[in-house]
Structure formats: structure tokens, C-alpha cells
Ligand SMILES: *Cc1c(COP(=O)(O)O)cnc(C)c1O
């Protein structure tokens, strides 16, 4: 029997809510369940406005349209991230300035950002890797000084927080001008494929709704604010159908259960590894004091690619699937010719040495212990 890397969580109410959506007879987007999900997210996490999308990739594409990215504009993005973070901006003709990861964390090195800014820079896109906050005070200060937009790629970051030095705490995704979340099935909360855009800069809300609805003012029309709807702007069909929103609602209703269970798994892993963590065996995930843990990913960082490969093979020989994560985008076949040539050693190090262990709702304590022991057999 093999143990998968991920098994999508089901609350048990998904089919009932999908049936309700079907019986309501309005299956296109922006219906009852879409409204429930959006209001829940706005209220719980403090977004000024939330729009469900068919993916995080979509939500990022909406961001690129919303801040009017033009050919030749520059956007600062970590190299150690998923393709979508860069893709949305590259589609609009942007040049990507890749930032390196921190030495102690796969997230972008906030101290490397300012040197990448010039008169063509339009936005900074921090990725909260593993749901662990980037230092948002630092990033927002830089953005203010240079009048840049901040777009949080919060694909991993549902139900996570940032503590400001002032003592305030804010949900990830509520701090930047815009933020994109993913509800793809490997994320903590999911509906197979899905996402949302959080809009925190109120001046962008009306236009976001138009871009969301194929460049028309249909959303305002449905609220009775206009007697017809017409073509107003750029856009696309970014709305998920109500069946997806109904599925998603069944997940949000169980957010606390999902998060508590994942956190418990995460800390069980940490408990097994804690006393053995060292430079020459493996390093554990670091959670800076300004961040909280939302248990999206449990990963280890090994001293070399060879050791990581040995661990993957050892686990696989016992029927357990563990996977590495991103490959530095600045070295990707699509972008390496366009990259400005800087070396990004930390991004490359995580590319070669970071390993994600299975982490999903139904994972048992026994399996966590077994996986941990197998890793330790290779490393000690
Ligand atoms: C998963 C992910 C995305 C893309 O999410 P989709 O909903 O699949 O489009 C974007 N950025 C990061 C960092 C991700 O992990």
C-alpha cells in the first residue's frame, strides 16, 4: 500500500451543498454560495472586498490587469515560487526581477528587494511560502517609499497572520493592495480548482468587479445599480460556477477543524525531528516571531541534493511519496534567457535540498512516526 503525498480533505457536506446549488437553478457564478464564501472571507480575514476566481493563477492575472502592467514594466518576484506568480505579469509583457530566498527561509529576502527597484518597477509580489508571512512591514515600507503596488501571493496562506512591530496583527492577504489565494486541491482549503482575489485598496474594487465579469459592469447591474450592462474595460471570465462555491463553502464551515488537525500533524513531525536537527543532518522550518504557522507544508532542508535523493528513494521503497518543491524560475527553460544573469544561491539551494513530507487531514499519527523514522534512518 502506498501513502500519497496529499489526499484532498472532504467535510462530508460537499455533495449536499452542491445539490442545493443545483436545485436553486442558478449555476453560473456570483450566486448564493459565491456570496457566502466571499462574505465569510471578508469578515474573517478583513479583506475590503473578495471575489472568488477559478484559480489563484486567475486572481494573479486579474492583479496584473488591475495595476495596468504594460510591456517593459518590471515586477519583483521571488525565484523560488510557482510559475503562476510570474506568469500573470509576463503575459502582460512585464520583465521579472527575481529576488533570492532568505538564508533561513524559502520566502523572498526582504533586504534584497530595494536594490532591484528602478523607474520601471511597478510591483512587489511576496509569496508567503508554506503560509509563513514575509516581513510585511519591511515590504510595505519599501513599496510606500517607491510608490509600488504590493500583491501578496497568498496561495499557501489561508488563515495565517502577520504581527506588525506596532503590535497589530493582520491576516495574510489583507495587507498588500491586492492578494491572491488558491483553493486548488493540494492547499489547506480547496474545491479542486479555485481561488480568490482579495482587494484591500478600495480604489481598485469597482474595476476588479468589471475585470472579473468579462470587462462588463454586470455585477453592479445585478445589484440594481445600473439598468443595463455593457463592455467597460479589459477582463475575462474569472468566476467559478456555483457548484465550486458550494463545495468550497462546505470546507470553510470546517476551517477550524481542518487547521487544528493540520497543526497537530505538523507539530508531531516537528517533535520527531527536533532533537536531530543540525547543519549536517537537516534543518527544520523556521517561523519568524512576526509570523504564525498555518500548517500548509511540513518540509526539511537537507545538506545536499544527494542526501535529499536518498531520503526520497528510501521513503519510496516503503511506499511513501515525498516530493521536492519549486525549481528556481530564473533558471527555467522559459525564462533563463530573459533573466538578468544574477545568481540566486538560496533559491537554488532550496530547489536542490528542500523536501516536503506528506501532510493531509487524514494522515495518522502512526504514519507520521513511520515517515519520521524512515527519514532519520537515512540522516543519522
Ligand atoms: C498553488 C500555487 C499557485 C497557483 O494556484 P492555482 O489555484 O493552482 O492557480 C500560485 N502560487 C503559489 C505560490 C502556489 O503554491
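For residue 380, the conditions (1) farther than 25 Å from residue 84 by Cβ; (2) at pLDDT 95 or above all hold with the exception of (2). Restricting segment 319-341 to residues that are surrounded by 14 or more Cβ atoms within 10 Å (Cβ to Cβ) and more than 23 Å from the chain's Cα centre (by Cα), the residue that is farthest from residue 279 (Cα to Cα) is 339.
Just for segment 142-157: of the residues that are assigned to a strand (DSSP E or B) and surrounded by 22 or more Cβ atoms within 10 Å (Cβ to Cβ), which one is nearest to the ligand (Cβ to nearest atom)?
Step by step, filter segment 142-157, then rank; the result is 153.
Taken across segment 294-301, residues that are out of contact with any strand residue (DSSP E or B) (no Cβ under 8 Å at 6 or more places or on another chain) and part of a strand (DSSP E or B) do not occur at all. Within segment 81-97, the set of residues being surrounded by fewer than 24 Cβ atoms within 10 Å (Cβ to Cβ) and near the ligand (Cβ under 10 Å from one of its atoms) comprises 82, 83, 84, 87. Tell me, which residue of segment 158-173 that is buried (at least 24 other Cβ atoms within 10 Å of the Cβ) and either closer than 12 Å to residue 195 by Cβ or more than 16 Å from the ligand (Cβ to nearest atom) (or both) is nearest to the chain's Cα centre (by Cα)? For segment 158-173, the residue satisfying everything is 158. Every condition in (1) part of a helix (DSSP H, G or I); (2) more than 23 Å from residue 10 (Cα to Cα); (3) touching a helix residue (DSSP H, G or I) at 6+ places or on another chain (Cβ under 9 Å) is met by residue 197 except one, and the failing one is (1).
The residues in segment 108-135 that are away from the ligand (no atom under 16 Å from the Cβ) and in a helix (DSSP H, G or I) can be counted, and the count is 6. Tell me yes or no: at least one residue of segment 7-22 is in contact with a strand residue (DSSP E or B) (Cβ under 6 Å, 6 or more places away or on another chain), within 16 Å of the ligand (Cβ to nearest atom) and closer than 29 Å to residue 161 by Cβ. The answer is no, given that none of the residues of segment 7-22 is in contact with a strand residue (DSSP E or B) (Cβ under 6 Å, 6 or more places away or on another chain), within 16 Å of the ligand (Cβ to nearest atom) and closer than 29 Å to residue 161 by Cβ. The helices (runs of 4 or more DSSP H) falling completely within segment 1-80 that include 2 or more residues that are loosely packed, with under 15 Cβ neighbours inside 10 Å map to 14-24, 32-45. Cβ-Cβ distances below 9 Å connect the following pairs, each with a first residue in segment 174-192 that is free of Cβ contacts under 8 Å to residues at least 40 places away in the same chain, a second residue that is within 11 Å of the ligand (Cβ to nearest atom), and a separation of six or more residues or different chains: 175/152. Look at (1) within 30 Å of residue 359 (Cβ to Cβ); (2) surrounded by fewer than 18 Cβ atoms within 10 Å (Cβ to Cβ); (3) away from the ligand (no atom under 16 Å from the Cβ) and you find that residue 258 fails only one, number (2). The single residue among 192, 176 that is surrounded by fewer than 22 Cβ atoms within 10 Å (Cβ to Cβ) and part of a loop (DSSP other than H, G, I, E, B) turns out to be 192. Tell me whether segment 353-372 contains one or more residues that are under 27 Å from residue 279 (Cβ atoms), at pLDDT 95 or above, touching a strand residue (DSSP E or B) at 6+ places or on another chain (Cβ under 9 Å) and assigned to a loop (DSSP other than H, G, I, E, B). For segment 353-372, residues under 27 Å from residue 279 (Cβ atoms), at pLDDT 95 or above, touching a strand residue (DSSP E or B) at 6+ places or on another chain (Cβ under 9 Å) and assigned to a loop (DSSP other than H, G, I, E, B): present.
Just wondering, is there one or more residues in segment 264-275 that are outside any helix (DSSP H, G or I) and touching a helix residue (DSSP H, G or I) at 6+ places or on another chain (Cβ under 9 Å)?
No, segment 264-275 contains no residue that is outside any helix (DSSP H, G or I) and touching a helix residue (DSSP H, G or I) at 6+ places or on another chain (Cβ under 9 Å).
How many residues does segment 108-122 contain that are closer than 21 Å to residue 68 by Cα and loosely packed, with under 14 Cβ neighbours inside 10 Å? Qualifying residue count, segment 108-122: 3.
Just one of (1) more than 19 Å from residue 34 (Cα to Cα); (2) in contact with a strand residue (DSSP E or B) (Cβ under 9 Å, 6 or more places away or on another chain); (3) within 11 Å of the ligand (Cβ to nearest atom) fails for residue 177. It is (3).
What number of residues within segment 208-242 are part of a helix (DSSP H, G or I), more than 22 Å from the chain's Cα centre (by Cα) and crowded, with 19+ Cβ neighbours inside 10 Å?
So in segment 208-242, the residues part of a helix (DSSP H, G or I) come out as 208-212, 218-222, 242.
Next cut, more than 22 Å from the chain's Cα centre (by Cα) only: 210, 218-222, 242.
From what's left, crowded, with 19+ Cβ neighbours inside 10 Å: 210, 218-219, 242.
Residues in segment 208-242 being part of a helix (DSSP H, G or I), more than 22 Å from the chain's Cα centre (by Cα) and crowded, with 19+ Cβ neighbours inside 10 Å: 4 in total.
The values are calculated or read from the model by the stated rules, or taken from the named source; none is laboratory data. Everything numeric in this text was worked out from a predicted model, so none of it was measured. With ideal geometry, Cβ positions are generated from the backbone for all residues, glycine too; neighbour counts draw on all protein chains shown.
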